[in-house]
1. Report whether or not residue 71 is under 21 Å from residue 101 (Cα atoms) and in contact with a strand residue (DSSP E or B) (Cβ under 9 Å, 6 or more places away or on another chain).
2. Given (1) in a helix (DSSP H, G or I); (2) crowded, with 18+ Cβ neighbours inside 10 Å; (3) more than 12 Å from the chain's Cα centre (by Cα), where does residue 10 come up short, assuming only one miss?
3. Does residue 20 meet the test of being within 12 Å of residue 89 (Cβ to Cβ) and under 15 Å from the mean Cα position of the chain (by Cα)?
4. Residues of region 59-78 being surrounded by fewer than 19 Cβ atoms within 10 Å (Cβ to Cβ), within 13 Å of the chain's Cα centre (by Cα) and farther than 19 Å from residue 42 by Cα, which ones?
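Where a number appears in this text, it was derived from the coordinates with a stated rule and is not lab data. This one's a predicted model, so the numbers in the text were calculated from it and none came from an experiment. Cβ coordinates were reconstructed from backbone atoms using ideal geometry, including for glycine residues, and neighbour counts include every protein chain displayed.
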C-alpha cells in the first residue's frame, strides 16, 4: 500500500508537470544564496528536492529555507510528496525510486 501511494503520487506529479528532473544538482559551496539562485533559475519555490545520496553542501544550503526540503531517494515518503507544490529530483534518484517501487 505504501509503495502504491508513492507510485500514484509520482504519477500525478508527472502528469501535472510538477515533477522536475535534472541530470545533477550540485552547488559549489554550502551557501543558501547559491541554492536560492539555482531554484529561481528552475522557477521553483515550495519544493521537495530528491537526491540519490546525502550531499552535505546541498543539505547545509537548504536548512534555512522553510519551503525547501531535501531527502534521499531511500527516505522518500508520501507525506513529503504531498507537503510540497513541486518535486525536483535528479535522474539517478528517480532511477533508484523506480527500482525500489518495482
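1. Considered against the rule, which asks whether it is under 21 Å from residue 101 (Cα atoms) and in contact with a strand residue (DSSP E or B) (Cβ under 9 Å, 6 or more places away or on another chain), residue 71 comes out as yes.
2. Here residue 10 meets the rest and fails (3).
3. Answer is yes for this residue.
4. Selection gives 72, 74, 75, 77, 78.
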